[in-house]
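The values are calculated or read from the model by the stated rules, or taken from the named source; none is laboratory data. Bear in mind that the values here come from a model prediction, so they are computed numbers and not experimental data. No Cβ is skipped: glycine too gets one built from the backbone with ideal geometry, and neighbour counts run over all protein chains shown.
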Amino acid sequence: MSATPSQGSIPVLRATGLEKRFGAVVAATEVCLEVIAGERVSLIGSNGAGKTTFVNMITGYIKPDAGSILLDDRDITGLEPRTINRMGVARSFQIPQLYAELSVLDNMLVATACQDRHPSFWRQARSADAVERALALLARFNLLEHAEQRVAGVPGGIRKLLDIAMALTVQPRLLLLDEPTSGVSVEEKFPMMDIVMHALEQEVMTVLFVEHDMDIVERYADRVVAFYSGRIIANDTPQIALAAPDVRRYVTGTLH
Ligand SMILES: Nc1ncnc2c1ncn2[C@@H]1O[C@H](COP(=O)(O)OP(=O)(O)OP(=O)(O)O)[C@@H](O)[C@H]1O
Ligand SMILES: [Mg+2]
């Protein structure tokens, strides 16, 4: 989905000059990125290129050594993950963070309850309203038939979808997905991403997703941002970015 002029020109996300080192490892350097409302941006790069570090800095899980991060022109640099989440930035993880012993529906209810800051949130967690909202989100992700199943017993693809559905309980402006299709079989990847993108289509939400499969990138991204050694080495349409010599050399391995 592309942004429309009525949404204005202020980027939803504006990261400027981000730097992050872990000892001698440069995980981010001179990282600058602007994303406008409604864009679908894929973050690509080989293992250790700095994709998760970037996601972690935007979501507050890692504080950058330098640089700034603006969300709708509000400075969120270095704020706590919880605060950034409440301000409208949600994420999923490379490995879904779920309560394995609870049912799919109960995971949704916990996620919803955590957003409601009311002191009696546990009592309200199973209120008719909360259940209705949770079921509506599960329906958007084709998860209704799994609602009463224990998470420990459902397939990996279902857990991935649930993790993303749970991220939406905060009604985010910006959603970051760290490898939504990792651990999902080749046959299931496209159907799964179809469900995710269809579920997200209903809102003008900006989505950044980390992805290793270039077929998925080409099909679902409006724009590709390629990382290598902590730097952004390409930032363009999928067609142009994936044809760039540095991307072919350092990311896709199609140029030797
Ligand atoms: N908490 C940490 N402590 C030390 N080094 C880290 C930490 N997090 C990341 N790194 C290092 O920073 C670099 C970038 O890692 P990052 O996890 O961002 O890569 P990535 O692009 O997400 O890779 P992958 O595709 O394997 O998930 C790597 O060299 C990694 O080992
Ligand atoms: Mg990663």
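For this structure, a couple of remarks:
- Qualifying positions in region 28-55 - touching an Asp or Glu at 6+ places or on another chain (Cβ under 9 Å) and of a type in the set (S, T, N, Q): Thr29, Ser42, Thr52
- Considering Asp246, Asp178, the condition of being touching a Phe, Trp or Tyr at 6+ places or on another chain (Cβ under 8 Å), acidic (Asp, Glu) and at pLDDT below 95 is satisfied by Asp178 alone.
- Counted as qualifying within region 18-115 are the strands (runs of 3 or more DSSP E) with 2 or more residues that are closer than 20 Å to Asn235 by Cα, away from ligand 2 (no atom under 14 Å from the Cβ) and touching a residue at least 24 places away in the same chain (Cβ under 8 Å), namely 25-35, 40-44, 66-71.
- Residues of region 20-38 that are modelled with pLDDT of 95 or more and under 15 Å from the mean Cα position of the chain (by Cα): Val35 alone.
- Test result for Arg91, basic (Lys, Arg), crowded, with 17+ Cβ neighbours inside 10 Å, within 22 Å of the chain's Cα centre (by Cα) and under 22 Å from Leu33 (Cβ atoms): yes
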